[in-house]
1. Take the alpha-carbon centre of region 93-110, take the same for region 31-69, and report the distance between them in whole Å.
2. Cut-off 10 angstrom, C-alpha nodes, Gaussian network model of the chain. Which of Ala192, Ala70, Ala103 fluctuates the most?
3. Which residue, Asn167, Ile138, Ala181, has the largest displacement toward the positive end of the dipole of region 75-197 when charges sit on each Cβ (Lys, Arg +1; Asp, Glu -1)?
4. Separation between the Leu37 and Val135 pseudo-spin-labels, each 7 Å from Cα along Cα→Cβ, expressed in nm?
5. Treating the beta-carbon of each Lys and Arg as +1 and of each Asp and Glu as -1, no other charges, what is the dipole magnitude of the chain about its Cα centre, to the nearest 20 debye?
6. Using alpha-carbon positions, what is the distance between the centroids of region 152-200 and region 132-146, in Å?
7. Placing +1 on the Cβ of each Lys and Arg and -1 on the Cβ of each Asp and Glu in the chain, which of Leu77, Ala89, Ile193 has its Cα farthest towards the positive end of the resulting dipole?
8. So if I place +1 on the C-beta of Lys and Arg and -1 on the C-beta of Asp and Glu, and nothing else carries charge, what would the dipole magnitude of region 33-182 be about its Cα centre? I want it in debye, nearest 20.
Amino acid sequence: MSASALDAPAPPRAAGRRLRLPLPQRWPLGRLALRGLALGLSLAAWHVAAHAKLDLGFVSFRNVPTPLQAAQAAWALLHAPALGAHLAASLARVLSGFLAALAIGVGLGLAVGRSRLAHDLLMPPLEVLRPIPAVAWIPLAILMFPSSELSMAFITFTGALFPILLNTLHGVEGVHPRLVAAARSLGAGDTAILREVILPGAAPSIVTGAAIGMGTAWFCLVTAEMISGQYGIGYFTWESYTLQNYDDIVVGMLLIGLLGMGSSLIVRTLGAWATPWVGAGGQR
């Protein structure tokens, strides 16, 4: 190779081409610090309002514990022997209701999205049931099911069902008709089209609906565990209210929030792993 070739400048990069950094470098410390600052400011605002027993007329913090009092109550709960039973009971109820809602919601969404007859037959009663809050189902759930466990699982099921169903329906309807026509022109039958075209195209919406459904299942947990007589994080929160243990109320609420956030994150992670064809599309 000649010296002139060695001294020649490197060719410029193609226009519009960006260097993609490794994942750890794409999470700058500034963003992490900003998120930590937002959390710290929230805790500070909570502390000031609770410590000063702020009363604004339309909202009062006179009986709201401070973050330190809530942390002390959380530490006591962490060492309580009943914590494991509370967690196990709530996780079992949420998971059973969510899995049933996932199976039925995806199945109904595919059927309604692909069949005009199913849409006309199923959507009117489903749209009537959708606005009914979980608490309104409690009396009927007690009458319908032979055990309180099934009743509580049903309440969480109703909370998770409709986000999964509607997102699945949206995903199915979002698949371009030309993709279906192209697959059919190549000889694909209905089963192959469902498996190779509809499901992959609707998968991102299904994952989104599953993550939202998991969150709403936890949202309905307190309502569901009002039926229970002994264990569960929702029951613990409700019992703390009836016994006026205000510190434990906040602990129960935060625990439900953390469990809901963590389980939704797990659902999104599993969904991303199961749909590798979906582009990263920008990190958040």
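The values are calculated or read from the model by the stated rules, or taken from the named source; none is laboratory data. Here the structure is a predicted model, which is why all the values come from computation and not from measurement. Positions of Cβ are generated from backbone atoms using ideal geometry, with glycine treated the same way; all protein chains shown enter the neighbour counts. The accessibility values were calculated without ligands, DNA or RNA, using every heavy atom of the protein model including side chains. Shrake-Rupley method; radii C 1.70, N 1.55, O 1.52, S 1.80 Å.
1. Each part reduced to its Cα centre gives a spacing of 37 Å.
2. Ala192
3. Ala181
4. Output for this residue pair reads 3.9 nm.
5. Dipole size: approximately 1140 debye.
6. Answer, in whole Å: 30.
7. Final value for the positive-end residue is Ile193.
8. On the way: 8 positive and 5 negative charges, 48 e Å.
So the dipole magnitude of region 33-182 works out to roughly 240 debye.
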